[in-house]
Amino acid sequence: MTEAAEPEVLFEVRGGVGRITLNRPKAINALNHAMVQQIAPKLVEWASDDAIDLVLLVGAGERGLCAGGDIVSIYHDAKEGGSGSKDFWREEYILNAAIARFSKPYVAIMDGVVMGGGVGLSAHANTRIVTERSKIAMPEVGIGFIPDVGGTYLLSRAPGELGTHLGLTTARMDAGDAIAAGFADHFVPSANLEKFYDALGSGSLSDALSEFTTDAPDSALGAARDWIDRYYAADTVEEILEGLRGSGIAEAEKAASDIESKSPVSLKVTLASLRRAAEASSLEAVLNEEYRVSLASLESHDLVEGIRAQVVEKDRNPKWSPATLADVTQADVDRYFASVGSAELGLEAEPAEPNGLEKNA
């Protein structure tokens, strides 16, 4: 007799805390459609349950909260027509918006690896905790995709041009970087997390934060603002690379090398997405556009090729098409932003900005 599989999401209520545990530790809790379909109705239920004072999001195991969406499933689905991914993204983005608008404290523990879809579950929360183990990134351009789950909203509202740097290089943020870039709020040493959880169940959120948060490590990303703001303010990826290459700054030249290894069309669409997101009036408007971009990606060569090279066959040698930035036309970029008609996501914004996030100086 075979044992029943472990649930992929665990829900527990204790001491006024509704705990959501992403429970795929062997996959660093990678997010799939079934998990979204479990989390979304539970948030609706808990929002109106007077026994729930706050929601706590954690990941099983010690490797991370969530390594992102289940991109191997997206790879196979894209090769077969992409209908499953369309449904997954639709419900995932609706959940991202719901998290940003959640009416009670939503405490996300961004411990360990937090990427892509994991950012969507956590960085839109109203209380975001990082630790010394945090490694946070939007790595999409490395697999021929474009930042989604409201990632372009967050990146475009990071101080200066930090978000452009993060989006184009896929650089990982540590705790100090994540706070400096506006992806997180508080630093709690990982050794104190269990005590922090106990405090949430026995007292107030503010008291728990006062007792267990400490000063975050200094941000190397924040210290690099001068050259990041200067070179990433350019209008095109080519101009950004020219500035980085000619800077005489070792870190800037490394950033150029990182960018040059990524999908050319993904880079150009990402830069356009970030600039458009910066002008958008709400997270919902950005998610609507990200959905169009994601659907277009399903029909692209680079998404399947990028996942193949980085995750499936792991030869780390993607053959991008178009192969160079010069080969990417404006029409290639515009295709990603075209209306999808009746398939539009259609989220409508509420009057207030989600979680008070605004473009920082």
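The values are calculated or read from the model by the stated rules, or taken from the named source; none is laboratory data. Being a predicted model, the structure only gives us computed values, none of them experimental. In this analysis, Cβ positions are derived from the backbone assuming ideal geometry, glycine residues included, and neighbour counts consider all displayed protein chains.
What the table shows:
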item: Residue satisfying condition, being in contact (Cβ under 8 Å) with a residue 60 or more places away in the chain and among the small types (Gly, Ala, Ser), within set Ser263, Ser257, Ser339; result: Ser263
item: Considering residues of the stretch 72-84 that are aliphatic (A, V, I, L, M) and under 20 Å from the mean Cα position of the chain (by Cα) only, the residue surrounded by the most Cβ atoms within 10 Å (Cβ to Cβ); result: Ile74
item: Hits in the stretch 252-277 (condition: crowded, with 17+ Cβ neighbours inside 10 Å and small (Gly, Ala, Ser)); result: Ala252, Ala255, Ala256, Ser263, Ser266, Ala272, Ser273, Ala277
item: The stretch 55-71 - residue that is surrounded by 15 or more Cβ atoms within 10 Å (Cβ to Cβ) and out of contact with any Leu (no Cβ under 8 Å at 6 or more places or on another chain) and, of those, farthest from Ile129 (Cα to Cα); result: Ile71
item: Residues that are touching a residue at least 60 places away in the same chain (Cβ under 8 Å) and surrounded by 16 or more Cβ atoms within 10 Å (Cβ to Cβ), drawn from the stretch 278-288; result: Ala278, Ala280, Ser282, Leu283, Glu284, Ala285, Val286, Leu287
item: Verdict on Arg128 being surrounded by fewer than 24 Cβ atoms within 10 Å (Cβ to Cβ), touching a helix residue (DSSP H, G or I) at 6+ places or on another chain (Cβ under 9 Å) and not in a loop (DSSP other than H, G, I, E, B); result: no
item: Qualifying positions in the stretch 53-97 - assigned to a helix (DSSP H, G or I) and of a type in the set (D, E, K, R); result: Asp77, Lys79, Glu80, Lys86, Asp87, Arg90, Glu91, Glu92
item: Selected residue (criterion: farthest from Ala178 (Cα to Cα)) from residues of the stretch 208-244 that are in a helix (DSSP H, G or I), among the small types (Gly, Ala, Ser) and touching a residue at least 12 places away in the same chain (Cβ under 8 Å); result: Gly243
item: Matching residues, the stretch 138-177, being free of Cβ contacts under 8 Å to residues at least 60 places away in the same chain, small (Gly, Ala, Ser) and surrounded by fewer than 24 Cβ atoms within 10 Å (Cβ to Cβ); result: Gly176
item: Residue among Ser321, Ser339 that alone is surrounded by 14 or more Cβ atoms within 10 Å (Cβ to Cβ), among the polar types (S, T, N, Q) and part of a loop (DSSP other than H, G, I, E, B); result: Ser321
item: When residues of the stretch 178-190 are limited to those that are without any contact (Cβ under 8 Å) to a residue 60 or more places away in the chain and in a helix (DSSP H, G or I), the one farthest from Val130 (Cα to Cα); result: Ala180
item: Candidates Ile99, Ile39, Ile52, Ile20 - the one that is at pLDDT 95 or above, surrounded by fewer than 20 Cβ atoms within 10 Å (Cβ to Cβ) and either touching a Cys at 6+ places or on another chain (Cβ under 6 Å) or of a type in the set (A, V, I, L, M, F, W, C) (or both); result: Ile52
